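Encoded as structure tokens, the structure appears first; notes follow it.
Values quoted throughout were computed directly from the atomic coordinates according to the rules given, and no laboratory measurement underlies them. Just so we're clear, the structure is a prediction, and the values are computed from it rather than from any experiment. Cβ placement follows ideal geometry from the backbone for every residue including glycine, while neighbour counts extend to all protein chains displayed.
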Amino acid sequence: MSTIEATSRAGDALTPGELLEMLYYMRLQRAIEDRAIKLYYQGRIPGAYFTGWGHEAIAVGATYALGPADLLAPMHRDLAAYLMRGIPARRVFAQFLDREGGLTRGRDGNIHMGDPRLGILPFISHMAASVPVAAGMALACRQRGQARVVLTFFGDGATSTGAWHEGVNFAAVLRLPVVLVLENNQYAYSTPLDRQTAARALVDKAPGYGIPGVAVDGNDVLAVYAAARAAVARARDGGGPTLIECRTMRMRGHSEADHFAYVPRELLAAWAARDPIALFERRLREEGQLTAEADRAMQGRIAQEVEEALAWAEASPEPAPASVAEGVYAASDGR
Amino acid sequence: MTYLEAIREALRSEMRRDPRVFVLGEDIGVHGGAFGITKGFLDEFGPWRVIDAPLSEAANVGAGIGAAVMGMRPVVELQFADFVTDAFTQVVNMAATFHWRTGCPLPLVLRMPYGGDVKGGPFHSQCKEAWFVHTPGLKVVAPATAGDAKGLLLAAIRDPNPVLYFEHKHLYRYRREEVPDGEHVTPIGRAHVAREGTALSVISYGWMLHKCLAAADAAARDGIAAEVLDLRSLLPLDRDAILGTVRKTGKALIVHEATRTAGVGAEVAALIAEEAFESLDGPVVRLASEDTPVPHSPVLEAAFQPQVEEIAGAIRALAAY
């Protein structure tokens, strides 16, 4: 039950194709968000816009540890996780644009999306509200004797909520197959970590729930993957939840409306030198996994996918005003 | 059987019928529940269908939501409906909006033991159904009889939406009634004429229904034939039944145990004013509990709640209007 520091040695078990696939999803998240930021500043995205700049290694590393039947309860900085579990980029753009083709058909906005049919719980604004729900999803798997695991993400601020405490405790008491990924990006909106907790480290909360906790470099995708893989295996084997604290930095504002002057610029500069995508690219180049040719091909593929996805989303109609009262209730299927 | 036994029988028969149905809550397994509703369930259904949960309303409701997302049919027991405040985000934000956001069903039942006349005081007696009636995406039911306790619980469990099932604690052992065996489903959204009459319509639900019936009996001795409508469902309201009885009698007295301001009665009164104005022969009258917290002292609580004599007086006054 002690806190351990994971390393990224588990990358050895990944094939070259898998390593490139991880890089692809990290880059795809960044590319979609880069495009969406432009849309936001053009006034084409209604409401707020949130990115996961700096979080790509966490989203990809943790999600890559899941098996095909596993389940996901993500948050608002994990776009790649949604993409990796089957949500197409075109529907993401349609969601951002509040179009009929979005995941919520204009009923909710920005990254408040998901698809229960794909095993992805949609996120809501109330931080950590997904954690007890993720525990319940895992409970259902346990009740049915299914060896499925639920991966859930939340931030440093979320660990101060009652929902987080209750959800983690519930999952721990029932030894449910849940993997708890904490994206510690140092700030909850403008609130720094030392106004969020008096704990020495957030991972120190794990022993209080009787579960193992591990802290990893959240900018090292293979370190995140290694920790998640171990936690997923442990959960699948009936060992219960694990808390993985991924330490990173939020590289933009809370939302794009936030100019985050409260973050010291030298802190941002230090983290910018450790950009998770650049770190992984360098490693793959040094190991010969990412050739110039493969790099160009991947970049071209992503650029094309982003433009095609956006075009599809822009062609998707606005939701029909007459449909506003539809869908509040499910109709009984008589079962 | 009693109202309490009807709830138990409905739960047990649904759990036997459908392996997706399970119960989760505090002290419900080994102990059988604070009111003994799930006594014997643990032995019959085992610890993964009768789940003793931590003292953790947000987690328990949230876990119920998660299981429902996965296609289970959870029935989460709140030990007292008052404690739902600790699960508010899960109920009104997570559950209520779920189908709207995703197009997927959320077959969740929250059992809400509520109401006063149990010497419970401000935190074990409240009637907070109006909070949830104000929340699109939820359904809210409040049976007054053992038959409806069974019938509405069957309907709630089979409904693909989150249903808050307000079960009145004072009615648990109030009386014995005949309850139909087997498939006895009370459709959600249908009121019931509990007593026919022509002079005026008394519209109520829950424990107050019984006080209204007693008051109507008293008024009948004075030759006033009051009709009494048991709403049974509060969201959706049975608009046709409400408007039907008011158009028939021309007068409406609304009685509930919840506090007066912005209670369910306000919505019923507004509906009547909007839709049945031309049928009215008198003012729409509300009788409800005082706009205060629920007092603990029995003397104070008697003053807080509408009483039979008060209801009978209101019936006579409105009939004479």
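Taking chain A as a Gaussian network of alpha-carbon nodes connected by springs under 10 Å, the highest mean-square fluctuation of the residues A:143, A:95, A:299 belongs to A:143. In this simple spin-label model, placing a label point 7 Å from the Cα along the Cα-to-Cβ direction at both residue B:43 and residue A:294 gives a separation of 6.4 nm.
Spacing of the modelled spin labels on residue A:48 and residue B:302, each 7 Å from Cα toward Cβ, amounts to 5.4 nm. Classify the protein assembly as shown: rounded, prolate or oblate, from the alpha-carbon gyration tensor (a ≥ b ≥ c, eigenvalue square roots; a/c under 1.5 rounded; otherwise prolate if a/b is larger than b/c)? Note, shape of the protein assembly as shown comes out prolate.
Taking the range A:163-203 and a reference point 7 angstrom along Cα→Cβ of residue B:93, the backbone N atoms nearer than 12 Å belong to A:163-164. Relative contact order of chain A, taken over Cα pairs closer than 8 Å and 6 or more residues apart, is 25 percent. Averaging the sequence gap over all C-alpha pairs within less than 8 Å and six or more residues apart, then dividing by the number of residues, gives chain B a relative contact order of 16 percent.
Within chain A, the longest segment free of exposed loop sites, counting GluC sites (Glu not before Pro) that fall outside DSSP classes H, G, I, E and B and have at most 15 other Cβ atoms within 10 Å, spans A:101-286.
Multiplying the residue separation of residue A:21 and residue A:308 by 0.36 nm and removing their Cα-Cα distance gives an extension gain of 101.3 nm.
Among A:265, A:200, A:229, sorting on how many other beta-carbon atoms sit within 10 Å of each Cβ, with the fewest leading, yields A:200, A:265, A:229.
Principal axis extents of the C-alpha atoms in chain B (largest first, rounded to whole Å): 59, 42, 39.
Of A:124, A:268, B:42, which is farthest towards the positive pole of the protein assembly as shown's charge dipole, taken about the Cα centre with +1 and -1 on the beta-carbons of Lys, Arg and Asp, Glu respectively? The residue sitting most towards the positive pole is B:42. If you take the square roots of the eigenvalues of the alpha-carbon gyration tensor of the range A:29-115 and sort them as a ≥ b ≥ c, do you get rounded (a/c under 1.5), prolate (a/b over b/c) or oblate? Taking the square roots of the gyration eigenvalues as a ≥ b ≥ c, the range A:29-115 is oblate.
The range B:168-190 and the range B:244-267 have their alpha-carbon centroids 22 Å apart. Between A:201, A:134, A:158, the Gaussian network model of chain A with springs among Cα atoms under 10 angstrom shows the greatest mean-square fluctuation at A:201.
Coupling constants for the range A:146-163 follow from the phi torsions by the Karplus curve (6.51 cos²θ - 1.76 cosθ + 1.60, θ = phi - 60°), and in residue order they are 8, 8, 9, 10, 10, 9, 10, 10, 7, x, 5, x, 4, 6, 8, 8, x, 4 Hz; glycine and proline get x. Computed from Cα atoms alone, the Kirkwood hydrodynamic radius reported for the range A:58-100 is 11.1 Å. Restriction of the trypsin sites (Lys or Arg not before Pro) in the range B:186-281 to DSSP coil positions whose beta-carbon has at most 12 other beta-carbons within 10 angstrom yields B:221. Each Lys and Arg adds +1 at its Cβ and each Asp and Glu adds -1 at its Cβ; summed about the Cα centre, the range B:192-320 shows a dipole of about 180 debye. Which log10 I(q)/I(0) values does the range A:176-335 give at q = 0.13, 0.14, 0.15, 0.20 Å⁻¹ under the Debye formula, counting every alpha carbon as one identical point scatterer? Debye intensities relative to I(0), on a log10 scale: -0.99, -1.05, -1.09, -1.19. Classified by the C-alpha gyration tensor, the range B:1-89 has an oblate form. Its axis ratio a/c, with a ≥ b ≥ c, is 1.5 or above, and a/b does not exceed b/c. Candidate membrane-span-like segments in chain B, meaning DSSP H helices with Cα atoms spread over at least 24 Å of their own axis and a Kyte-Doolittle mean of 0.5 or above, do not occur, with no membrane implied either way.
Rounded to the nearest 0.05, the FRET efficiency derived from the C-beta distance between residue B:290 and residue B:185 at R0 = 22 Å is 0.05. By other beta-carbon atoms within 10 Å, ranking B:311, A:302, A:58 with the fewest at the front produces A:302, B:311, A:58.
The magnitude of the dipole of the protein assembly as shown, with charges of +1 and -1 set on the Cβ of Lys/Arg and Asp/Glu and taken from the Cα centre, is near 740 debye.
The range B:271-320 and the range A:174-197 have Cα centres spaced 50 Å apart.
By the beta-carbon count within 10 Å of each Cβ, the least crowded to most crowded order of B:134, B:256, fewest first, is B:134, B:256. Excluding the site residues themselves, the longest part of chain B lacking any GluC sites (Glu not before Pro) in a DSSP loop with at most 10 other Cβ atoms within 10 Å is B:1-177.
Annotated for chain B: lysine pairs at least 8 residues apart or interchain, Cα distance under 26 Å, count 19.
Loop-located chymotrypsin sites (Phe, Trp or Tyr not before Pro) in the range B:1-93 (DSSP state not H, G, I, E or B) with no more than 15 neighbouring Cβ atoms inside 10 Å: B:48. Placing R0 at 56 angstrom, the Cβ-Cβ distance between residue B:262 and residue A:265 gives a FRET efficiency of 0.65 after rounding to 0.05. Reducing the range A:273-308 and the range A:239-272 to their Cα centroids gives an inter-centroid distance of 23 Å. Here, the range B:66-156 has an Rg and a Dmax of 13.8, 43 Å when only alpha carbons are counted. With springs only between Cα atoms under 10 Å, which of B:65, B:157, B:51 fluctuates most in a Gaussian network model of chain B? Looking only at B:65, B:157, B:51, the biggest GNM fluctuation is shown by B:51.
Applying 1/(1 + (r/R0)^6) with R0 = 41 Å to the Cβ-Cβ distance of residue A:318 and residue B:270 gives a FRET efficiency near 0.80.
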